[in-house]
Every structure is written in structure tokens, then in C-alpha cells.
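Undergrad: My structure is below; once you've seen it, I'll send some questions.
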Amino acid sequence: MTTQPTGHARPALSTPPTARWQATPAQNLVTLLLGFWLMTGIFVDGWAHNHLGERLETFFTPWHAVFYSGFLAVAVWTAWLGRLGLRRGHRGVQVFPDGYGLGAAGVVVFALGGLGDMTWHTLFGIEVGIDALLSPTHLLLFLGAQLLVVSPLVSCWRHAGGRTMPGARVWPAVLSATAALSFTSFMHMYAWTLVNLPAASSFDGARSFVASTLLTSLILTAPVLLLLLRWDLPFGTVTLMFTVNTVLMRGMTVGLTEDAAPLLVMLGAGLTADVLLRALRPSPTRRAAYRTFAALLPLAVWVPYLALTAADRGASLELWTGACVMAALGGLALSTLTVPPALPGTQPAEP
């Protein structure tokens with residue numbers, strides 16, 4: 001006996017798309033808005049640790065409420081983006097926009113760090129000083145937060161387009177790099193020269209003076225050089241990055257009304273760097289311009305800053321000017337890591 005066809009064809013199984021989907025500029029900006037909520041909360045909590053110290057006796061503080069609510073907001077938003085991917089037919093990690101797999105991992109890491117932090121504080125109390133930065137659970141929170149805020153940067157990086165992409169694609173990447181820079185600065189506040197310039201009147205002090213200056217310089221320079229690998233940066237990029245970072249760092253530690261000189265110096269350094277970007281047009285194919293900019297950027301920061309402050313910290317002329325030169329050489333060395341010299345037989349770079 002044969003079965004006659006009914007006239008209804010079996011629907012074909014849909015094949016999930018294989019390519020990642022791209023977040024829109026608006027979606028990246030929402031991620032950054034929520035990420036800055038999280039970041040601001042962490043800096044407010046840092047202020048509490050710096051100014052209240054041992055008076056913090058519980059995990060359940062207003063400061064924790066600010067940044068954990070920020071985390072909850074960005075986690076819900078990341079889940080919503082994953083839901084959009086599911087509706088598009090994506091599966092697995094591809095439900096998230098391209099670059100947002102890092103953000104999804106950041107949600108998990110941050111949540112684990114938060115649970116561990118509550119347990120740690122319950123068992124061992126509230127850390128003070130540098131111990132609070134180096135607590136294993138706090139390092140997990142830092143890692144999770146970094147993964148969340150760099151997702152828009154990775155998303156913009158992977159978007160098809162040349163170096164002269166529209167500002168709507170580049171500015172979210174700049175803001176993402178600014179958040180990443182600020183988180184890194186936060187975790188190195190104990191050696192951040194722009195808020196804690198060591199006294200240089202002794203050998204150990206002079207050693208700390210130079211080491212802190214070089215570490216701070218490399219952290220400030222690295223994200224700018226990274227962005228230059230991908231884009232011709234719009235004017236105001238470095239000014240924004242340096243000013244936002246300095247406001248957050250000084251607001252958390254010494255306060256914005258304590259001394260306006262570092263903020264003015266960083267504003268001027270950012271403007272100088274933006275002018276240099278216009279004049280030199282550094283890029284991976286213009287290696288000489290790229291390396292020149294990498295050496296001049298630290299000088300734009302440290303020459304005016306140390307000229308104003310080094311003498312008050314007991315630093316000799318030789319010490320602080322030498323620190324400036326070493327910072328410039330550090331920027332130059334960093335440029336050779338990000339854009340190595342061309343290998344023999346490859347296409348020569350532009351002058």
C-alpha cells in the first residue's frame with residue numbers, strides 16, 4: 001500500500017547563520033553608558049576605601065550598591081543583546097554581537113568575583129590600603145569589568161571599514177578605551193604619579209619616583225597607540241581620554257579642589273597630542289610618524305607636570321628630566337612592539 005502525498009511539503013529546517021552579527025553604534029553607546037555607570041560606582045567605592053578606611057565594616061555599603069547596580073544593568077543589557085541574537089537564528093556564543101562574547105564572559109567573571117568578594121569580606125573583614133587592590137576577589141571584579149567595557153571597542157574594531165570610518169563608529173571605541181584606561185589606572189592607584197608623586201629626597205624615594213613615572217606613562221600611552229593601529233583618530237580623542245581619566249583618579253584620591261595643576265596639565269597634554277596627530281598622521285604604514293608620536297606623547301605629559309611638581313618632591317633637575325627622557329624612550333619602545341619593523345622582503349612602509 002502506498003501513501004498518497006497530502007500536498008503539504010515538510011518545512012525545511014532553517015540553518016542558523018554562521019556569521020556574527022554587528023552591534024549598531026547606538027547599541028555600543030548603550031553598553032558604554034551602562035559600563036560608565038559601573039565604572040563610576042567602582043571609583044566611588046575606591047573613594048570610600050581611601051577616605052573612610054577602617055570605618056568600612058560591612059560588604060553592604062552604599063558604594064557597593066552603586067557599582068553592583070551598574071553591573072546588574074550592563075548584565076541585563078548584554079542578556080538582551082543575546083536574546084536579539086537568538087531571534088536572528090544565532091546559537092551558542094554567536095547570539096551575542098561580534099566582540100560581545102568578551103562581555104558575556106565578563107558578566108560571569110564579575111558575578112563570580114562579587115560572590116567571592118561577599119564571602120571574603122564576611123570571613124576576613126574589609127581590606128584597607130593596597131591590600132584592597134590586590135585582593136583576589138577584587139582582581140576578578142576588575143577583570144570582569146574590563147571585559148564588559150572593552151566589548152564596544154572590539155565590536156568597532158571588527159566592523160568592516162578603513163582607517164577613516166565615520167565618527168559614529170570610532171567614538172564608541174574611544175570611549176571604550178577610555179573606560180579600560182581608567183579601570184587600569186584604578187588598579188594601579190598606589191603607583192599613579194599624577195595623584196601620588198613619590199618624594200625623591202632619598203635613594204629609595206628617587207627609585208620609586210622614576211618607576212612610578214614610567215609605569216604611569218606606559219599605561220597612558222598604550223591605549224592611544226592601540227587605537228592608532230586601527231583608525232585615524234578624530235580631534236579631541238586624547239584630550240577626552242586624559243581628562244576623563246584624571247578627573248576620575250584625582251576625584252577618588254586627593255579631590256578635584258586640592259590642586260588643579262595636574263588636571264590642567266593633562267588637558268594641555270591631550271590637546272598637544274591631538275595637534276600632533278593632525279600634524280604627523282601616524283599609522284602602522286607610516287612607521288616613522290608613528291614612532292615619533294609615541295615618543296612625543298609622554299613628553300607632552302611629563303615635561304610640564306614634573307617641571308611644576310618635581311622640585312616640591314625633592315627631585316633634582318637631572319632626576320626629573322631624565323625621567324622624562326626615559327618615558328619618551330618607553331613610548332618609542334612600546335611603538336616597536338605594537339608596530340614591529342618590517343621583515344625582509346615585505347612591502348616597505350610609507351615614510
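Undergrad: In the same structural domain as residue 335 (by TED's automatic domain parsing), hydrophobic (A, V, I, L, M, F, W, C), crowded, with 22+ Cβ neighbours inside 10 Å and in contact with a strand residue (DSSP E or B) (Cβ under 7 Å, 6 or more places away or on another chain): does that describe residue 228?
TA: yes
Undergrad: (1) surrounded by fewer than 21 Cβ atoms within 10 Å (Cβ to Cβ); (2) in the same structural domain as residue 290 (by TED's automatic domain parsing); (3) in contact with a His (Cβ under 9 Å, 6 or more places away or on another chain): which one isn't true of residue 216, the others all being true?
TA: Failing condition for residue 216: (1).
Undergrad: Going residue by residue through region 73-81, is there one that turns out to be surrounded by fewer than 20 Cβ atoms within 10 Å (Cβ to Cβ), in a helix (DSSP H, G or I) and modelled with pLDDT under 95?
TA: no
Undergrad: Would you say residue 307 is surrounded by 14 or more Cβ atoms within 10 Å (Cβ to Cβ) and assigned to a loop (DSSP other than H, G, I, E, B)?
TA: no
Undergrad: Out of curiosity, is residue 177 farther than 28 Å from residue 190 by Cβ and crowded, with 21+ Cβ neighbours inside 10 Å?
TA: no
Rundown of residues vs (1) modelled with pLDDT under 95; (2) more than 22 Å from residue 272 (Cβ to Cβ), yes/no style:
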position: 302; (1), (2): no, no
position: 306; (1), (2): no, no
position: 309; (1), (2): yes, no
position: 312; (1), (2): yes, yes
position: 316; (1), (2): yes, yes
position: 322; (1), (2): no, no
position: 328; (1), (2): no, no
position: 334; (1), (2): no, no
position: 342; (1), (2): yes, yes
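Undergrad: Here is a further query. Scanning region 233-258 for residues that are without any contact (Cβ under 8 Å) to a residue 24 or more places away in the chain and not charged (D, E, K, R), which turns out surrounded by the fewest Cβ atoms within 10 Å (Cβ to Cβ)?
TA: Going through the qualifying residues, I end up with 257.
Undergrad: So, of the residues in region 274-309 that are touching a residue at least 60 places away in the same chain (Cβ under 8 Å) and among the charged types (D, E, K, R), which turns out to be nearest to residue 321 (Cα to Cα)?
TA: 287
Undergrad: Then there is this: Checking the condition touching a residue at least 24 places away in the same chain (Cβ under 8 Å), assigned by TED's automatic domain parsing to the domain that holds residue 26 and not acidic (Asp, Glu), which residue from 149, 174, 195, 210 passes?
TA: After applying the criteria, what remains is 149.
Undergrad: Answer with yes or no whether residue 164 is loosely packed, with under 15 Cβ neighbours inside 10 Å, at pLDDT 80 or above and under 21 Å from residue 227 (Cβ atoms).
TA: yes
Undergrad: Now a separate question. Would you be able to say whether some residue in region 329-343 is under 21 Å from residue 184 (Cα atoms), of a type in the set (S, T, N, Q) and in contact (Cβ under 8 Å) with a residue 40 or more places away in the chain?
TA: yes
Undergrad: Of the residues that make up region 101-108, is at least one over 30 Å from residue 229 (Cβ atoms) and modelled with pLDDT of 90 or more? Outline the logic, then answer.
TA: Start the filter on region 101-108 by keeping residues that are over 30 Å from residue 229 (Cβ atoms), which leaves none.
No, that holds for no residue.
The values are calculated or read from the model by the stated rules, or taken from the named source; none is laboratory data. Everything quoted here is computed from the prediction, not taken from an experiment. Because the Cβ atoms are built from the backbone with ideal geometry, glycine has one as well, and the counts that use them run over all protein chains shown.
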